[in-house]
1. So which pairs qualify, if the first residue must be in segment 86-115 and among the β-branched types (Val, Ile, Thr) and in a helix (DSSP H, G or I), the second must be surrounded by fewer than 12 Cβ atoms within 10 Å (Cβ to Cβ) and at pLDDT 65 or above, the Cβ gap must be under 9 Å, and the two must be at least 6 apart or on different chains?
2. Select from segment 140-160 the residues that are more than 17 Å from the chain's Cα centre (by Cα) and at pLDDT 95 or above and write down the one among them that is farthest from residue 117 (Cα to Cα).
3. Quick one: residue 91 ticks every box in (1) farther than 18 Å from residue 42 by Cα; (2) modelled with pLDDT of 70 or more except a single one, so which number is it?
4. Mind checking which residues of segment 57-85 are assigned to a helix (DSSP H, G or I) and under 15 Å from residue 6 (Cα atoms)?
5. Output the residues belonging to segment 2-55 that are more than 16 Å from residue 157 (Cβ to Cβ) and part of a loop (DSSP other than H, G, I, E, B).
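The values are calculated or read from the model by the stated rules, or taken from the named source; none is laboratory data. Here the structure is a predicted model, which means the values were calculated and not measured. Here the Cβ is made from the backbone with ideal geometry for all residues, glycine too, and neighbour counts use every protein chain on show.
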Amino acid sequence: MIQLDIPRLIPFAVFAASVFALGNAYTAQYAFDLEPCILCLYQRVPYVVTGVLGMGAFLLPAHQTEWKARAVVLSSVVFLIGAGIAFYHVGVEQHWWASVAACGAPSGGGEPQTVDELRQLLMQAKPVKACDEVDWTLFGLSMATYNVAFSLALALASCWGARQIRRAP
């Protein structure tokens with residue numbers, strides 16, 4: 001029977017899941033021309049952080065299992081933060097709350113409220129995509145909604161993985 005090296009496998013799985021998520025985001029952006037809003041870009045940051053944590057833990061020497069477990073636990077916290085950002089984005093998409101001012105249209109809706117806002121809109125080389133616009137859905141769910149579920153699943157899996165690392169002989 002094959003013996004799995006859990007303390008190396010779990011951090012690599014964190015890294016691989018992060019690369020997978022970022023790959024999906026960049027594929028949607030560059031292959032399918034789905035322009036990301038600022039919240040979409042913010043949702044990528046936790047995956048960069050967890051990717052670095054996962055690869056860092058993977059590269060640690062084999063006897064550093066406690067540090068590997070700590071990196072995976074920290075990844076779990078970062079995945080939860082990512083789920084929070086994605087949930088906020090879902091709320092903006094569903095109009096449960098107003099978007100932040102940097103989300104494309106001025107905070108009052110679609111029309112500029114001041115001369116300065118109008119000047120800013122006219123001076124932009126490329127219009128900023130509004131965060132409440134949903135460009136793509138699958139089964140009625142947006143990419144942000146899928147990111148909430150994926151991030152929560154990765155947070156739970158990372159907690160489980162850290163426990164497995166600590167239990168490994």
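1. 90/96
2. Only one residue tops the list, namely 160.
3. Status for residue 91: all satisfied but (1).
4. Residues satisfying the conditions are 57, 58, 59, 65, 66, 67, 68, 69, 70, 71, 72, 73.
5. Of everything in segment 2-55, those that are more than 16 Å from residue 157 (Cβ to Cβ) and part of a loop (DSSP other than H, G, I, E, B) turn out to be 2, 3, 5, 31, 32, 33, 34, 35, 36, 37, 43, 44.
Results for (1) surrounded by fewer than 18 Cβ atoms within 10 Å (Cβ to Cβ); (2) within 14 Å of the chain's Cα centre (by Cα), shown as yes or no for each residue.
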{"site": "23", "(1), (2)": "yes, yes"}
{"site": "39", "(1), (2)": "no, yes"}
{"site": "45", "(1), (2)": "yes, yes"}
{"site": "64", "(1), (2)": "yes, no"}
{"site": "82", "(1), (2)": "no, yes"}
{"site": "88", "(1), (2)": "no, yes"}
